[in-house]
Amino acid sequence: FLRDDLLAQAGSGNQGGAGTEPDPDVKVRTLLDRVAARVGKRFANQPLVESGIRFTIGETYLNLGIFREAERQLRRAYELKRVHLGADNLETTEDRMELSAAIWNQGRNVEALTMMKTVFEIKIRKLGPEDPSTVIAMRTLGNCYLSSHQFAQAEPLRNALEIQSRRVGRDDIATLNTSDSLAVLYIR
């Protein structure tokens, strides 16, 4: 699907068709929009494959700063996994975390923060506090509190920094990013 339906469109010979004029300078956004419109039909009987592809498309929109489309794709990916794997499944939780980022970037902080709390709770319960994935959720939740000016609740940043410093060292980029966030918290 990615090769034939998405990446093959980069070649102008593969872009032609009903209502599509070949463009040798086609934008990633254009390709994503085209493939997003087809993914549901193409994988109608493979919901987890559809979910994985929608997650990738959603992440790409998120990285491009196209937050509404990112939310649309990530929400569908999350819903498919929630129905087929369960709400507490770790893959479902990863989708929920990305969805919260898309929602956060649209200024819907309360909704995103609620989702991140759930993600963090699931990861703590299933993986424990020391798991790298849990630490990412811990740091993200702390940053959500920080950005929402809920400074007293931003304690997860301190915990994340302690774990990261011990596990990967103080010079690791993730540790340094957490340290920066904690410094901003203390300043504010």
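The values are calculated or read from the model by the stated rules, or taken from the named source; none is laboratory data. None of the values given here were measured: they were computed from a predicted structure. Don't worry about glycine lacking a Cβ; one is built from the backbone with ideal geometry, like all the others, and counts go over all protein chains shown. Protein only, heavy atoms only, side chains kept; ligands, DNA and RNA dropped before computing areas. Shrake-Rupley method; radii C 1.70, N 1.55, O 1.52, S 1.80 Å.
Observations, loosely collected:
- Asp88 meets each of the listed conditions (1) part of a helix (DSSP H, G or I); (2) open to solvent by 60 Å² or more (accessible area, probe 1.4 Å); (3) in contact (Cβ under 8 Å) with a residue 12 or more places away in the chain; (4) under 29 Å from Ala44 (Cα atoms) apart from (1).
- Residue-level check: of (1) open to solvent by 70 Å² or more (accessible area, probe 1.4 Å); (2) farther than 23 Å from Val49 by Cβ, Val83 misses just (2).
- Of residues in the stretch 93-121 being in a helix (DSSP H, G or I) and of a type in the set (S, T, N, Q), the one surrounded by the most Cβ atoms within 10 Å (Cβ to Cβ): Ser100
- Residue check for Gly142: within 19 Å of the chain's Cα centre (by Cα) and modelled with pLDDT of 90 or more: yes
- Pairs linking a residue in the stretch 159-184 that is within 16 Å of Pro132 (Cβ to Cβ) to a residue that is among the acidic types (Asp, Glu), with Cβ atoms under 9 Å and 6 or more positions apart or on different chains, are Ile163/Glu130; Gln164/Asp172; Ser165/Asp172; Arg166/Glu130; Arg167/Glu130.
- Per-region count, the stretch 165-188, residues open to solvent by less than 50 Å² (accessible area, probe 1.4 Å), under 21 Å from the mean Cα position of the chain (by Cα) and not hydroxyl-bearing (Ser, Thr, Tyr): 1
- Considering residues of the stretch 133-171 that are part of a loop (DSSP other than H, G, I, E, B) and small (Gly, Ala, Ser) only, the residue farthest from Val119 (Cα to Cα): Gly169
- Screening Ala77 on (1) modelled with pLDDT of 90 or more; (2) among the hydrophobic types (A, V, I, L, M, F, W, C); (3) surrounded by fewer than 21 Cβ atoms within 10 Å (Cβ to Cβ) shows it passes everything except condition (3).
- Of the numbered criteria (1) closer than 24 Å to Asn143 by Cα; (2) polar (S, T, N, Q); (3) not in a helix (DSSP H, G or I), the one Asn45 fails is (1).
- Flag if Glu59 is at pLDDT 90 or above, within 16 Å of the chain's Cα centre (by Cα) and open to solvent by 40 Å² or more (accessible area, probe 1.4 Å): yes
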